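Asks: First the structure, which I've put down as structure tokens, then a few questions once you've had a look.
Read-outs: derived from the displayed coordinates by stated rules, not from any lab. These figures come from a predicted structure and were not determined experimentally. Reconstructed Cβ throughout: ideal geometry from the backbone, glycine too, with neighbour counts over all protein chains shown.
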Amino acid sequence: MNVDGDRLREDIETNAAFGAVDVEQGTGRTVFAGTEPNRRARDRFVERLKQAGLDVRVDSVGNIAGRWSPPGADAEPIATGSHLDSVPRGGIFDGPLGVYGALEAVRTIQNADVELTHPIEVVCFTEEEGQRFAGGTLGSSVAAGNRSAESALQLTDDAGTDLETALSEIGYNGTDRVDADEWDAWIELHIEQGERLETADVPVGVVTTITGITHCEVTIDGEENHAGTTSMDERADALSAAGEFIVDFERVARERSSEERTAVGTVGKINAEPNATNIVPGRVEMNLDIRSIEYGSIDEMVDQAQRSLDRIAAERNVSTAFEREFDVRPVSMDERCREVAHSACEAAGIETLEMHSGAFHDTMHVANATDAGLLFAPSRNGVSHSPREWTDWDDCSVATQALAETLVSLAT
Ligand SMILES: [Zn+2]
């Protein structure tokens, strides 16, 4: 059983043309859910599913599933896939490798002499990247029953267009069901978006846990005043207080990560008011992103950030507010899926490495509905969400081979 690397490459390159952007370096695309480039990408995908003999369904939020049911395969389906939407000026592998890798794996299994007891379903979820309607992983949250289709369809973009209208405009407001509860197991192939595989020179990562994420909003109120006439000891400078907090929070995250490697903390967004050269800043709003595969590590970093803020408030004569506004717990990948992936790859002579995922994926939702696993392919220099995102075609082939081997093990 050997995947056809040229056929996979042709599919990914054809898909890369939809929403292609002009860039000096690399290959980029911008594909938001429900747009014309998204319609073309979906049409092409559906055409390729049908050419491979799969029965295609589209659900009400635009999730696409193609099912291959060979004779005798009457148990619950094994499903696999990813997403075709992108971030602005995103890369050509983030999502499409998992979608077209899934299709290539099925075509490879079709050509091999194996008897399956489970059908295989190839899936494309709507709006994983969350650039238009929701915060991300929209279609998978509905398929896994974590969000109702009705509420998803009412989500609007910045122009006030709702998801239902956008999907009907491109012809993907389906009437079928794509339900993760019906799947016996799920495996997603995705690019790593980090450089651990490249560094270790291993072609396939088997994910243990998808990170938990907390976002906090921090507000510091000082006193806005004239930068020339307010003496240094009369000030309540919100931005200087914020600066001290940022450095302190970085220390907290560094200390935590020295104990537990996956712990990371970032102040990624800051807004100072009035943001003028000659005015002592009166107010700062900051947003923290805190992640770890250990929920206790996240809690501890949140506690320490709050304590640091309290200390700074007392020492600098500013008032502060701290809100934990977004919180998702870490999700463990299913033991059976991980073991099958390792052993199927070992039997095929493909080396694997266990690793966590520091980013969200559709698999996070699917794991709530069925046994779920996540495989990674190497990302050159760890770059993603950029036209410089790259995975060598040979690496795409090997990772897809790993997916095919895993699917056969699960489906027989
Ligand atoms: Zn992705």
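Asks: For the chain, place one equal point scatterer on every Cα, skip the solvent, and apply the Debye formula. What is log10 of I(q)/I(0) at q = 0.10, 0.11, 0.12, 0.14 Å⁻¹?
Replies: -0.71, -0.83, -0.95, -1.20
Asks: Which shape class, rounded, prolate or oblate, goes with segment 1-69 when its Cα gyration tensor gives a ≥ b ≥ c as root eigenvalues, a/c under 1.5 marks rounded, and past that a/b bigger than b/c marks prolate? Each step should come with its number before you reach the end.
Replies: Details: a/c = 3.10, a/b = 1.25, b/c = 2.48.
Here segment 1-69 falls in the oblate category.
Asks: Here's something else I'd like to know. What is the distance in Å between the Cα centres of segment 343-378 and segment 170-186?
Replies: 21
Asks: When only C-alpha pairs under 8 Å and at least 6 residues apart count, what is the relative contact order of segment 216-328, in percent?
Replies: Relative contact order for segment 216-328 comes out at 41 percent.
Asks: To the nearest 10 degrees, how steep is helix 36-51 against the longest Cα principal axis of the chain, on a 0 to 90 scale?
Replies: 30
Asks: Also, I was wondering about something else. Angle check, please: helix 295-316 long axis (alpha carbons) against the longest principal axis of the chain (alpha carbons), in degrees 0 to 90, nearest 10.
Replies: Result, in degrees: 20.
Asks: Now a separate question. Just flag the GluC sites (Glu not before Pro) in segment 247-332 sitting in loop per DSSP whose Cβ has no more than 16 other Cβ atoms within 10 Å.
Replies: Listed in order of number, the matching sites are E260.
Asks: Let me ask something additional. How far is helix 238-259 tilted, in degrees, relative to the longest principal axis of the Cα atoms in the chain, given as a value from 0 to 90 rounded to the nearest 10?
Replies: Around 50 degrees separate the two axes.
Asks: Further question on the same structure: Considering Cα pairs under 8 angstrom that are at least six residues apart, work out the relative contact order of the chain and quote it in whole percent. The partial results should precede the final answer.
Replies: Details: 989 pairs, mean separation 97.7, N = 412.
Reported as a whole number, the value is 24 percent.
Asks: Moving on. Per the helix-only calculation at 222 nm, which mean residue ellipticity applies to the chain, given -39500 (n - 2.57) for every DSSP H run of n ≥ 4 and division by its residues, nearest 500 deg cm²/dmol?
Replies: So the helix-based figure for the chain works out to -11000 deg cm²/dmol.
Asks: Please figure out what share of the DSSP beta bridges in the chain is antiparallel and state it in percent, rounded to the nearest 5.
Replies: Values: 47 of 69 bridges.
Around 70 percent antiparallel, to the nearest 5.
Asks: Just to be sure I understand the curve: with the Debye formula and one point per C-alpha of segment 155-208, what is log10 I(q)/I(0) at q = 0.14, 0.21, 0.22 Å⁻¹?
Replies: -0.74, -0.84, -0.86
Asks: Output needed for segment 216-328: three equivalent-ellipsoid semi-axes, defined as square roots of 5 times the C-alpha gyration tensor eigenvalues, in descending order, whole Å. Before the final figure, lay out the partial values.
Replies: Details: eigenvalues 170, 31, 24 Å².
After scaling each eigenvalue by five and taking roots: 29, 13, 11 Å.
Asks: What is the distance in Å between the Cα centres of segment 215-242 and segment 43-60?
Replies: Centre-to-centre distance over Cα atoms comes out at 58 Å.
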